[in-house]
Amino acid sequence: MTRYSGEMQIWRSMRAVALCFLGLVGLTLSYPHSRASAAPAYSPDNPPPNALPKEIEMGDKAAAELEKSPKIKLLDPNKDPQAKVLLDKLNKMAGELAKASTRPEIKYTVKVINDKDMNAFTLPNGHIYVYKGLIDAVASDDEMAAVLAHEIGHNCRMHALRAEAKAKKLSWVNVAALLGMVAGGRSGADMAAFSQYMLLGIMNGYGIEYEKEADSAAVKELVKTTYNPSAMVTLMERFDQEEKRMPDMNLGIFQTHPTSAERVAAAMADIMEAGIPFTPRDVKGGQEATVAETLDRVSVKIDAVTIAEFALVPNQTPSAKERAQKAAQQVNDLLKANLKMHEITVDGDDHNARLLARGVEIARVTPADAKLENTTPSLCAQKWRDGFKRIFWRENINGKL
Ligand SMILES: [Zn+2]
């Protein structure tokens, strides 16, 4: 196993779901040494003329090392026609985003790693590696564009050169002093393991600033394209959910990577600053409420989850179907308007029990509706409320919200 793929393994064991340029950081920060060298003043706002050739050289070397690792299995467009369609699409998207970026001179090549991890990273030569797991997890082209825009953002901010310059300032003396301070009294074996984590911590420490910069650059790129920048937020929300589901992500004092929740807030602020509307439902492929009729009832459902069921009663006005259609319409309108789970409520007693969302009546429970459930109208309304809320839980679990 090469040193490089060993580092990949560490990252994988972290189940690092946040978007990272892990290959790049792994390569450039894994060799801190004691030679004091003046760090070149790389400024992404005023790049030195020789920056790009150096980045391409760094990136080409890293790409060669990466791609020869047996752990990296790339989709091959020459062998798989489906992969070709996917790669053509991703490369077209990257080209559009690069044009809208602050460094349109960088030529991007998207590659797909055939692995279920939800991750992506970039190299400074313009290679963007996206894991198949992340492609499967995004809900729309807008979200895919947000991933690519983020990776392009790393290159626009010259993170490879800046990370290298920072790494050269590190000395083993400093690292050893830190280790002694934090891990005093540990055995040699523990120290060896600990030093791996220490390096990981340093890498993550550098990561914070850069991930935030890349997110911000990504929103600015997306604003200039036909892709919806709201996707940056919905994507981060999804990562936030993933983080919450994976307690092994917690690395204690090394948990310095910006949480997805922070990144959600920052991306939202960037969208507000750009003066564009936040329209999450347009980019995250949310499901719609539909109406289904059976022998004795008309149901309002999203996927297989029932929100409300109306009893079929002869000569009733409005009919059960009309009531269901109205309820489904209200639900869909409110979902599009970014309805939150806590806004789903009930009110009234057994004479006028109602299901409400954001204060709007979705449906009123009739005695016949309650009878379908063998319960009282008030309890039936609560059941509808709980069903409606379950949609949100489910969508969270499926990563659709
Ligand atoms: Zn990143």
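Return one whole number: the accessible area per residue of the range 282-352 in Å², for a 1.4 Å probe. Working shown, then result.
Working: 3850 Å² over 71 residues.
Heavy-atom SASA per residue in the range 282-352 reads 54 Å².
Any chance you could run the full-extension gain for LYS340 through GLU65? It's 0.36 nm times the residue separation minus the Cα-Cα distance, nm to one decimal. Don't jump to the answer; show the numbers that get you there.
Working: separation 275, 0.36 × 275 = 99.00 nm, distance 4.65 nm.
Residue separation times 0.36 nm, minus the Cα-Cα distance, leaves 94.4 nm.
Under 23 Å from the Cα of LYS371, which lysines turn up, not counting those fewer than eight places away in the same chain?
LYS301, LYS321, LYS326, LYS383, LYS389
With every protein chain in place, what's the accessible area of ILE307 (1.4 Å probe, Å², nearest 10)?
Taking all protein chains as shown, ILE307 has close to 0 Å².
Starting from the Cα of LYS84, draw a straight line to each of the aspartates and glutamates and keep only those under 19 Å, dropping any in the same chain fewer than 8 residues away.
GLU67, ASP76, GLU96, ASP115, ASP136, ASP141
Among LYS224/LYS284; LYS89/LYS284; LYS54/LYS79; LYS99/LYS284; LYS92/LYS116, which pairs are too far apart, with a Cα-Cα distance over 27 Å? Walk me through the intermediate numbers first.
Values: LYS224/LYS284 20 Å; LYS89/LYS284 19 Å; LYS54/LYS79 33 Å; LYS99/LYS284 25 Å; LYS92/LYS116 23 Å.
Table pairs above 27 Å Cα-Cα are LYS54/LYS79.
The values are calculated or read from the model by the stated rules, or taken from the named source; none is laboratory data. If you're wondering where the values come from, they're calculated on a predicted model, not measured in any experiment. The protein model used for the area step is the full one, side chains on, heavy atoms only, and it has no ligands, DNA or RNA in it. Shrake-Rupley method; radii C 1.70, N 1.55, O 1.52, S 1.80 Å.
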